[in-house]
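To start, the structure under review is shown below, and the notes come after it.
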Amino acid sequence: MFPRLLLVLLVALLIQSSFLLDISSALQEGKTCIANRNCDAGLHCETCIANSGFRPRCSRTQPINPISKTKGLPFNKYSWLTTHNSFARLGEVSRTGSVILAPTNQQDSITSQLNNGVRGFMLDMYDFQNDVWLCHSFNGMCFNFTAFQPAINILREFQVFLEKNTEEVVTIIIEDYVKSPKGLTKVFDAAGLRKFMFPVARMPKNGGDWPRLDDMVRQNQRLLVFTSDSRKEATEGIAYQWNYMVENQYGNGGLKVGACPNRAQSKPMSDKSKSLVLVNHFPDAADLIVACKQNSASLLESIKTCYQAAGQRWPNFIAVDFYKRSDGGGAPQAVDIANGNLMCGCDNFAACKADGKCG
């Protein structure tokens, strides 16, 4: 009896020692973890209950930065991790002092998103309190309980990032409810972003390639801004989004298996007169728990379906809720797959070489 008990205790001790050895060093994707600090760089520790996962595992929060491979391709030959309602942070309190009753879509700040490799940002801007605010609202109206903060606060985070990171390019896509004269121009100027903005005159409208990324960097035209208001391209020099990109249906309509319909404002996904492709993959109602499942296998299927719908073009922007949530590779992996195919024709972006070969 005693020898058997001793054997059991010895085995238990060995298992425990092995586990502690694991968590004492950086763990790779999929490994069991206890806290974020146990995981390797670019990973964090979480559980995906929605996908029947009950043990915490290291999952990805960052894509491979495509400029680490090459900077010499046209802008439309890259794919970028994009956050839907980037400003709508979980647990945020309105700068009005009110409790926010609007849905939230992300877990961290704009600066944190930038540091994690997010390069596309969807922002909803409204006139509110004689200023331009970020608001998650309805009927084109902003209220205390749907208002997050003045837009200039967030825009200054972009300004700080672009000043410090002189080779990075960022895209802002605005759902635009600002009616005040030159409202967007004033807030971007006040945030010190005008000098970074890529001019509309250089944007191709006939389906041609965009300027090369290294050229955009050299000329310091590293901020692309798109608006949903068609009038502002003429009045404020801010690009009307659907003059330059096709976009699939957002919300539940974009989550149907095997389908990739365009949203109403966009030309059909197959229209190659628009050089950029935006793929949305998030539900009508953001769900922190379910996001880990939505940002996993179904997201990978979605970008492949939309690749076919867009005339065999990989998405340049992949937009999700709660981008850090997944059951493994998640949205960062989806972006890597798109970049791998855009740059060297293979799913394994890590294997891409600077000469465009895979191996």
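The values are calculated or read from the model by the stated rules, or taken from the named source; none is laboratory data. A quick note: this is a predicted structure, and the numbers were derived from the prediction, not measured. Backbone-built Cβ (ideal geometry, glycine too); neighbour counts: all protein chains shown. Note: accessible area is taken over every heavy atom of the protein model, side chains too, but ligands, DNA and RNA are not part of it. Shrake-Rupley method; radii C 1.70, N 1.55, O 1.52, S 1.80 Å.
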Of all accessible surface on the chain at a 1.4 Å probe, what whole percent is carbon and sulfur? 54
Using the heavy atoms of the protein chains and a 1.4 angstrom probe, tell me the accessible area per residue for the range 69-147 in square angstrom. 38
Sequence ranges 85-92, 147-154, ranked by mean other-Cβ count within 10 angstrom, highest first: 147-154, 85-92
For the chain, diffusion coefficient by Stokes-Einstein and Kirkwood Rh (Cα), 20 °C, 1.002 mPa s, µm²/s: 100
Using modelled backbone amide H atoms (1.01 Å from N, in-plane), which distant-in-sequence or interchain residues come within less than 5 Å of LEU224's amide H? VAL170, THR171, ILE172, PHE198
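Can you classify the range 109-175 as rounded, prolate or oblate using the Cα gyration tensor, where a ≥ b ≥ c are the square roots of its eigenvalues, rounded means a/c under 1.5, and otherwise it's prolate if a/b beats b/c and oblate if not?
Details: a/c = 2.61, a/b = 2.19, b/c = 1.19.
Since a/c reaches 1.5 and a/b is larger than b/c, the shape of the range 109-175 is classed as prolate.
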P(r) over all Cα-Cα pairs of the range 85-242, 5 Å bins from 0 to the longest distance, whole percent per bin, short to long, reads 2, 9, 18, 22, 20, 15, 8, 4, 1, 0
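Shape of the range 204-359 from its Cα gyration tensor (a ≥ b ≥ c, root eigenvalues): rounded if a/c is under 1.5, otherwise prolate when a/b > b/c, or oblate?
Working: a/c = 1.64, a/b = 1.13, b/c = 1.45.
Verdict is oblate for the range 204-359.
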The answer for the range 206-288, accessible area per residue at 1.4 Å probe in Å², is 41
Using the structure shown, select from LYS69/LYS164; LYS164/LYS267; LYS71/LYS195 the pairs with a Cα to Cα distance greater than 30 angstrom. LYS164/LYS267
